[in-house]
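J.: Let me give you the structure first, and then I'll get to my questions.
The values are calculated or read from the model by the stated rules, or taken from the named source; none is laboratory data. If you're wondering where the values come from, they're calculated on a predicted model, not measured in any experiment. Note that we place each Cβ from the backbone using ideal geometry, even for glycine, and neighbour counts take in every protein chain shown.
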Amino acid sequence: MNRAPLQRSIEAQDGTLVQRYEHNPILTARNWKYPVNTVFNPGATLLENGDTLLFCRVEDCRGHSHLTAARSKDGVTDWDVDSQPTMLPDIEHFPEELWGIEDPRITFAPELSKYVIAYTAYSRGGPGVSLALTEDFREFDRIGMVMSPENKDAALLPRKIRGKWALIHRPVGWLGAHMWVSFSSDLRTWGEHKLMLEARLGAWWDANKIGLCSPPLETPRGWLTIYHGVRHTASGAIYRLGLALFDLEAPEICLLRGDSWFFGPQEDYERFGDVNNVVFPCGNVIRPDGDTVYIYYGGADACVALATGSIQSMLGWLDANGEPPHAV
């Protein structure tokens, strides 16, 4: 294996590939207008008026989660948080939401003229993938659970692939937790399940358990994807971020995968919280220049933070530090 890119990998780990916002965290429980325990793992999107919307996972003092919207003109400051929960579990009609709804990923689908939210519904049988559609983040048309437990870390691609919608998700089996993609004509019935990316084996930073972070970014070269890997240590798990690139018309084909992680918990708000040593983005927004990306992530399951990066720089980092998948 070619080890020449090692120095660039180390530089990325030190934070040069993406930059933390100097006034992180940008949202905490103190910003909420009603009592909550923690706020983290927000989905993100740009609204028609140019505002940024974060759809935050909010955990109450029972340990159950719901989703609340926060809006900002610049995507950084002056967040206007809804005064009440925006989307609560609907246990009467969707009993799979019994123990809360979590970790939304938002995709705007031009063909539908709607936002599609993929989120985790925490059922009696464990976490599964549910979908809901909205035009305004006020009213929601729930489809319900489309991937049964245990499954999470899901996002819809914004356009059809080979005539069908494509949903990335992360089922858990006795051989580990890997990223898959499935296809549907109606967003309700899913099939043609294909393995996208496997967790590695052994001492790798992303061994045994990986999953999608924010929705993939469509570039001329492929779907640029941030994924998380979990490293289990004697003092607990560490959640770090890696990069991979997938074929535009066959997203089950991985073109490049970085060997090293490029972003991990470093600051106190990432290292200490309800779950220590976690950086976990569920949303990103491409800025008007078409290259700058704002990455919104949960820090230690206790706050919302922001990092900024460049799509071209991330692709360049993959060129230098990645290679096609090989035996793991």
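J.: Go over the candidates LEU255, LEU241 one by one and state the one that is within 13 Å of the chain's Cα centre (by Cα), modelled with pLDDT of 95 or more and under 19 Å from ALA199 (Cα atoms). If you could, list the steps in order and put the result at the bottom.
T.: Numbers: LEU255 fails: within 13 Å of the chain's Cα centre (by Cα).
On inspection, the qualifying residue turns out to be LEU241.
J.: Which residue is farthest from the chain's Cα centre (by Cα), if the candidates are limited to the range 264-284 and must be among the hydrophobic types (A, V, I, L, M, F, W, C) and within 26 Å of ALA69 (Cβ to Cβ)?
T.: From the range 264-284, those among the hydrophobic types (A, V, I, L, M, F, W, C) are 272, 275, 278-280, 282; that's our starting set.
In the following step, the residues that additionally are within 26 Å of ALA69 (Cβ to Cβ) were identified as 275, 278-280, 282.
Details: VAL275: 17, VAL278: 13, VAL279: 11, PHE280: 7, CYS282: 3 Å.
Out of the qualifying residues, it is VAL275.
J.: Identify, from the list TYR294, TYR239, the residue that is surrounded by fewer than 24 Cβ atoms within 10 Å (Cβ to Cβ), assigned to a strand (DSSP E or B) and hydroxyl-bearing (Ser, Thr, Tyr). Outline the logic, then answer.
T.: Working: TYR239 fails: surrounded by fewer than 24 Cβ atoms within 10 Å (Cβ to Cβ).
When all the criteria are applied, what remains is TYR294.
J.: Can you pull out the strands (runs of 3 or more DSSP E) entirely within the range 99-156 that have at least 3 residues that are closer than 16 Å to LEU212 by Cα and touching a strand residue (DSSP E or B) at 6+ places or on another chain (Cβ under 9 Å)?
T.: Numbers: elements: 101-109, 114-123, 126-134, 141-147, 151-156.
Fully inside the range 99-156 and qualifying: 101-109, 114-123, 126-134, 151-156.
J.: Hey, could you check the range 66-117 for residues that are touching a helix residue (DSSP H, G or I) at 6+ places or on another chain (Cβ under 9 Å) and in contact (Cβ under 8 Å) with a residue 24 or more places away in the chain and say which is surrounded by the fewest Cβ atoms within 10 Å (Cβ to Cβ)? Full working, then the answer.
T.: As a first pass, look at the range 66-117 and keep what is touching a helix residue (DSSP H, G or I) at 6+ places or on another chain (Cβ under 9 Å): 70, 79, 81, 88-91.
Those still in the list that are in contact (Cβ under 8 Å) with a residue 24 or more places away in the chain too: 70, 79, 81, 89-90.
On the way: ALA70: 22, TRP79: 19, VAL81: 20, PRO89: 20, ASP90: 16.
My answer is ASP90.
J.: What residue, of VAL279, VAL275, is surrounded by 19 or more Cβ atoms within 10 Å (Cβ to Cβ), over 19 Å from ALA166 (Cβ atoms) and of a type in the set (Val, Ile, Thr)?
T.: Details: VAL275 fails: surrounded by 19 or more Cβ atoms within 10 Å (Cβ to Cβ).
Answer to the check: VAL279.
J.: If I filter the range 171-193 for residues that are among the polar types (S, T, N, Q) and either surrounded by 18 or more Cβ atoms within 10 Å (Cβ to Cβ) or in contact (Cβ under 8 Å) with a residue 60 or more places away in the chain (or both), do I get at least one hit? So that I can check it myself, show each step before the final result.
T.: Looking only at the range 171-193, we keep the residues that are among the polar types (S, T, N, Q), and these are 182, 184-185, 189.
Filter again for either surrounded by 18 or more Cβ atoms within 10 Å (Cβ to Cβ) or in contact (Cβ under 8 Å) with a residue 60 or more places away in the chain (or both), leaving 182, 184.
Checked against the condition, which is being among the polar types (S, T, N, Q) and either surrounded by 18 or more Cβ atoms within 10 Å (Cβ to Cβ) or in contact (Cβ under 8 Å) with a residue 60 or more places away in the chain (or both), the range 171-193 yields at least one hit.
J.: Restricted to the range 19-45, and to residues that are aliphatic (A, V, I, L, M) and within 16 Å of the chain's Cα centre (by Cα), which residue is nearest to TYR296 (Cα to Cα)? Talk me through it step by step, then tell me what you get.
T.: Step one: of the range 19-45, the residues aliphatic (A, V, I, L, M) are 26-27, 29, 36, 39, 44.
Subset that is within 16 Å of the chain's Cα centre (by Cα): 39, 44.
Values: VAL39: 12, ALA44: 7 Å.
Out of the qualifying residues, it is ALA44.
J.: When the range 204-224 is examined, which residues are found to be without any contact (Cβ under 8 Å) to a residue 40 or more places away in the chain and under 19 Å from LYS160 (Cβ atoms)?
T.: Those that are without any contact (Cβ under 8 Å) to a residue 40 or more places away in the chain and under 19 Å from LYS160 (Cβ atoms): PRO220, GLY222.
J.: Where residues in the range 120-165 are of a type in the set (Gly, Ala, Ser) and crowded, with 18+ Cβ neighbours inside 10 Å, which of them is farthest from the chain's Cα centre (by Cα)?
T.: Here the answer is SER123.
J.: A further question on this structure: Restricting attention to the range 254-286, which residues are without any contact (Cβ under 8 Å) to a residue 12 or more places away in the chain and in contact with a Lys or Arg (Cβ under 9 Å, 6 or more places away or on another chain)?
T.: Going residue by residue through the range 254-286, those that are without any contact (Cβ under 8 Å) to a residue 12 or more places away in the chain are 268.
Once the filter is applied, which keeps residues that are without any contact (Cβ under 8 Å) to a residue 12 or more places away in the chain and in contact with a Lys or Arg (Cβ under 9 Å, 6 or more places away or on another chain), the range 254-286 yields nothing.
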